[in-house]
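For reference, the structure discussed in these notes is given below.
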Amino acid sequence: MNQGLPIEILLVEDSTTDLELTLRALKKANLANRIETVRDGEEALDFLFARNRYRGRALDDNPRLVLLDLKLPKVDGLEVLKAVKSDPRTRTIPIVVLTSSNEQRDIVESYDLGVNSYIVKPVDFDGFTTAIAELGFYWLVLNSAPGSNA
């Protein structure tokens, strides 16, 4: 965990391959400075709500962006999304679903629960790198978050 500096991106991904590809794509786009990675939905909720091993983290020190896979162990991504978007302390955190699921019901439910963007992972690395760079640039550089001076 990055001590001292606020986390810019919380990456919630259980696949080692997808985790490594995403981190590599973020690094290539110069967006990999302050990233926290968690491997399941329960750990994501613990981080976001400063519970268990993250209880020392300031609850108001939220990440600027959450990249969330849907198909997660313990607590699935839709449950994470529902919990985050229904709590006033976390509802303004931008969440981008980054998943291999292009099932219409997952897309509709994600938007119903308040997701900010839904991206189906491209199969090839170049397409994936481009998608990560563009979404990172938008959410971390261009987007004006609540309470920011941008």
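Only the coordinates and a few stated rules stand behind these numbers; no lab work does. From a predicted model like this one, the values you see are computed outputs, not experimental measurements. Neighbour counts are summed over all protein chains in view; Cβ atoms, including those assigned to glycine, are modelled from backbone coordinates with ideal geometry.
All other residues with a Cβ under 11 Å from the Cβ of Ser110 taken together, and with Lys, Arg as +1 and Asp, Glu as -1, what is their net charge?
With Lys, Arg at +1 and Asp, Glu at -1, the neighbours total -1.
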Cross-link pairs beyond the 26 Å C-alpha cut-off, checked among Lys82/Lys121; Lys74/Lys121; Lys27/Lys74; Lys28/Lys121; Lys27/Lys71: Lys27/Lys74
Which residues qualify? For Leu72, with a placed amide H closer than 5 Å and at least 5 residues away or on another chain, they are Gly77
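Net charge around Thr17, counting only other residues with Cβ within less than 15 Å of its Cβ (Lys, Arg = +1; Asp, Glu = -1)?
Details: positive: Arg24, Arg39, Lys71, Lys121; negative: Glu13, Asp14, Asp18, Glu20, Asp69, Asp124.
Value of the local net charge: -2.
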Suppose each label sits 7 Å from its Cα in the direction of the beta carbon; what would the Asp124-Ala58 distance come out to in nanometres? 4.5 nm
P(r) for the stretch 9-140: what percent of alpha-carbon pairs falls in each 5 Å bin, starting at zero? 2, 11, 22, 26, 22, 13, 4, 1
Listed with the fewest Cβ neighbours within 10 Å leading, Glu109, Glu13 appear as Glu109, Glu13
